[in-house]
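The values are calculated or read from the model by the stated rules, or taken from the named source; none is laboratory data. Keep in mind it's a predicted model, so treat the numbers as computed, not measured. All Cβ positions, even for glycine, are placed from backbone atoms using ideal geometry, and neighbour counts span all protein chains on display.
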Amino acid sequence: MFKVLKVDHLGIAVKDLEQAKKFYTETLGMQAMGEEIVEQQKVKVCFIPCGDSEVELLESTSPDGPVAKFIEKNGEGIQHVALRVDSIENALADLKAKGVRLIDEQPRYGAGGASIAFVHPKATGGILLELSERK
Ligand code: ZN
């Protein structure tokens, strides 16, 4: 069994992280955290906390990365929604048992040291869903 705890963050695909960040910090007055490059996903990310959730800005570090491909297809915008779960292992085992189509069968490293896995949009009504566990 597992439990969904909250909306962890919204993942927003942008072409220019510095530029996008300005809207949140200068226009909306929010406070951005440091940037991190996640090699495996070919992205540079920046989290901007917002109450109990966060906005995650994602800029591709390579033209063949998933975020670059997303922007090519859809333009900039919300790329995924992340829900915090209490146990990523239990969540994946449970969803597998229910026959839910997963992108990641095993948890992988996510920015900020989270343990994450993506659920296929075909299984969620069109949303790329990230499950995230933070210890
Ligand atoms: Zn994310």
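Things worth noting here:
- For the range 103-113, residues that are crowded, with 17+ Cβ neighbours inside 10 Å and either touching a residue at least 40 places away in the same chain (Cβ under 8 Å) or farther than 17 Å from ARG84 by Cβ (or both) total 3.
- For the range 90-111, residues that are among the acidic types (Asp, Glu) and within 13 Å of the ligand (Cβ to nearest atom) total 1.
- Residue satisfying condition, being in contact with a Gly (Cβ under 9 Å, 6 or more places away or on another chain), under 29 Å from LEU95 (Cβ atoms), aromatic (Phe, Trp, Tyr) and part of a strand (DSSP E or B), within set PHE70, PHE47: PHE47
- Evaluating LEU95 against the criteria (1) modelled with pLDDT of 95 or more; (2) under 21 Å from GLU18 (Cβ atoms); (3) in a helix (DSSP H, G or I) leaves one unmet condition, (2).
- In the range 19-48, residue surrounded by the most Cβ atoms within 10 Å (Cβ to Cβ) [restricted to those that are β-branched (Val, Ile, Thr) and under 16 Å from the mean Cα position of the chain (by Cα)]: VAL43
- Filtered residues of the range 49-58 (kept if surrounded by 14 or more Cβ atoms within 10 Å (Cβ to Cβ) and either more than 13 Å from the ligand (Cβ to nearest atom) or at pLDDT below 95 (or both)): CYS50
- Hits in the range 1-14 (condition: more than 16 Å from the chain's Cα centre (by Cα) and surrounded by 12 or more Cβ atoms within 10 Å (Cβ to Cβ)): PHE2
- PHE118 vs. criteria touching a strand residue (DSSP E or B) at 6+ places or on another chain (Cβ under 6 Å), among the aromatic types (Phe, Trp, Tyr) and touching a residue at least 60 places away in the same chain (Cβ under 8 Å): no
- Whichever residue in the range 75-91 is within 10 Å of ALA13 (Cβ to Cβ) and in contact (Cβ under 8 Å) with a residue 40 or more places away in the chain and, among such residues, is nearest to the chain's Cα centre (by Cα): HIS80
- Out of VAL119, VAL45, VAL67, VAL85, sole residue that is out of contact with any Lys or Arg (no Cβ under 8 Å at 6 or more places or on another chain) and either more than 12 Å from the ligand (Cβ to nearest atom) or not polar (S, T, N, Q) (or both): VAL45
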